[in-house]
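The values are calculated or read from the model by the stated rules, or taken from the named source; none is laboratory data. Please read these numbers as outputs of a predicted model, since none were measured by experiment. The area values use the complete protein model at the heavy-atom level, side chains included, leaving out ligands, DNA and RNA. Shrake-Rupley method; radii C 1.70, N 1.55, O 1.52, S 1.80 Å.
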Amino acid sequence: MKWQEVRELFPNQFVLVSILNFHEEEDKKIIDEVAPIRSIPEDDVNKEFFNVEPGNIVYHTSNEECIVHIRKDPLMRVRRI
């Protein structure tokens, strides 16, 4: 299912979706096809976001495109003096 279809089915809500197809452009993963799993109540969004399984994401349907920003170096070492 395309992201626009998910936006129509779940207007202005957080949804848990499974990523079926994507492509990368520079530091972005642009999601092309998803399978909606369920909507997420506002009170449970943080819990669901941090407990999501690999291949799934929690995203809000107010966004016109479903894009995940890729961090090239997610871990930074900090030297303490």
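In table form, for the structure just shown:
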read-out: In order through the stretch 57-72: 3J(HN,Hα) via Karplus (6.51 cos²θ - 1.76 cosθ + 1.60), integer Hz, x for Gly, Pro; value: 9, 9, 9, 9, 6, 6, 7, 5, 10, 9, 10, 10, 7, 9, 8, 6
read-out: Partner lysines for K28 [C-alpha distance under 23 Å; skip if fewer than 8 residues away on the same chain]; value: K2, K72
read-out: Value at 222 nm in deg cm²/dmol, rounded to 500, when DSSP H runs of n ≥ 4 in the chain each add -39,500 (n - 2.57); value: -4000 deg cm²/dmol
read-out: Surface/4 of the Cα convex hull for the stretch 1-60, nm²; value: 4.2 nm²
read-out: Sulfur and carbon atoms: percent of accessible area, the stretch 1-73 [1.4 Å]; value: 47 percent
